[in-house]
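Here's the structure we're looking at; comments come further down.
Only the coordinates and a few stated rules stand behind these numbers; no lab work does. Keep in mind the model is a prediction, meaning the values are calculated, not measured. Note: ideal-geometry Cβ built from the backbone for every residue, glycine included; neighbour counts use all protein chains shown.
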Amino acid sequence: MVVKKSHLLFLTCSLFMIVAQTACVKKQASEIIIETNFDRGSLGPTRVINDSLVKAQTIHWIKKDMVGNQFYWFYFKISNVKGKKIRFELNNMAGTYRGKPHRIMTGICKPVISYDNNNWDRIFDTHFDAESKIFTFRHTFEEDQAWIAYAHPYPKSRGDDLIKELQSMNADIEVIGQSNEGNNIHMLTFPPKAKYSSDKKVVLVMALQHASEDCGGYFAEGMIEAIQESQNYSDKFIYKIIPMMNPDGLYFGVSRYNYNMEDLNSEWDDDLTDEKNLPVEPEVLAVKNWQKDWNEEGGKIDLWVDIHSHSQKAGDCAIIFGDEQLHLLAEKINNYWPIRTNFRRPGSRSGGGGSTPDSSTDTMNTLKLTMELSQSHNGDGVFLNIDDYKLHGKYFVKTIDEFFSEKSR
Ligand SMILES: [Zn+2]
């Protein structure tokens, strides 16, 4: 057979096309892909500049009154990264809180990374430039896909799973209202079906008013576990726990606000006649309505615990903001928990206690406290994980028991 020049040319072209296609497929397979379309996922405009640089902006959530904005939450999935050392630059990270710059990103912020979206490590190679407000971190990836977040995420689905698990254990679960997006706001009662009794202390616990203070969800889980494991709490206490106050904000990857761009923490002083602030957000209204019914039936609340996190700001570990006598509670938890808990009066410093949950309704001398958790380090440079947040919650139940025992002596 005579091999014509044209045949050779055809063969060469075909080979070239196969090689070119293979190269093209290979190139596509290695392109970095970033996704956020999942529960709690969040990242704004993003550009993969090359295999070693990603530039992005967090989503800028603007509060309805246009005074506040919060920029700091991010949580994304990244693929095709095995063996790559990538620098991430997140720009313009400083939001506004009550009219003042809110620089939540500092040198202390260490984002978390997971290769299975479940077990998390910290990224320590970070830098926050106070001038440009650019937060930079670098990581060399061991696997092809990973999840990265500002701090350990608490997706809405985790809160849903908690309720399902408790339902299977025949726990007392009441739906006290719905969020803006129609998600249930649950209240748990321990012991189940407990009616008010003046010889028992009533402790109301709310967690996750603020999305991006996600560790509060794990802290609440720890409290629930401790109550369930306790042999004799029901002789002394009735616990009312709302484990997820802001399901919409969590689900949509919001920083701080609910999905209606309101700060739930600022809603408590709306007394339903205050036209300036109406309408009260439904998440808060659910609790206020429950509280009204409870009071009308003669029930009181002895301790109102509002779980927050001051995120990753420098300088503080955990803080209790509250009525003067609660300094004893702050002291007591220091007997168990290696994170130093400081005590401050409400309003003594911005970032905690600025509004009180029950300021519009008489709850019969309730002690109120805002628990500002750390979701970064323990003060000794040891960075916290999910088990730590839960353990902190467990110790807090023990501390509440001791606090009331000592008070009644
Ligand atoms: Zn908060």
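For Asp172 and Ser405, what is the calculated FRET efficiency with R₀ set at 25 Å and r taken between the beta-carbons, to the nearest 0.05?
Working: r = 25 Å, r/R0 = 0.99.
Given R0 = 25 Å and the Cβ-Cβ separation, E is 0.50.
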Between Val202 and residues 5 or more places away or on another chain, the pairs with built amide H atoms under 5 Å apart involve Ile238, Asp302, Leu303
Could you tally the net charge around Trp337, taking each other residue with its Cβ under 11 Å from the Cβ of Trp337, Lys/Arg +1 and Asp/Glu -1? +3
Using amide H atoms built 1.01 Å from N in the peptide plane, name the residues 5+ places from Arg340, or on other chains, whose amide H lies under 5 Å from its own. Ala318
How large is ³J(HN,Hα) for each residue in the range 112-122, as worked out from phi by the Karplus curve 6.51 cos²θ - 1.76 cosθ + 1.60 (θ = phi - 60°), to whole Hz, x for Gly and Pro? 10, 9, 9, 9, 10, 6, 9, 9, 10, 10, 9
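Rank-order 385-397, 253-265 by packing density, defined as the average count of other C-beta atoms within 10 Å over each peptide's residues, highest first. Numbers along the way, then the final one.
On the way: 385-397: 21.5, 253-265: 23.6.
Ranking the peptides 385-397, 253-265 by packing returns 253-265, 385-397.
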Any idea how far apart Glu229 and Gln325 come out in nm if each label point goes 7 Å out from Cα toward Cβ? 2.9 nm
Gap separating the Cα centres of the range 212-267 and the range 110-154, nearest whole Å: 25 Å
With θ set to phi - 60° and the Karplus curve 6.51 cos²θ - 1.76 cosθ + 1.60, what are the ³J(HN,Hα) couplings of the range 170-175 in order, to the nearest whole Hz, using x for Gly and Pro? 6, 5, 8, 10, 10, 8
Debye log10 I(q)/I(0) at q = 0.19 Å⁻¹ for the range 32-149, Cα point scatterers: -1.02
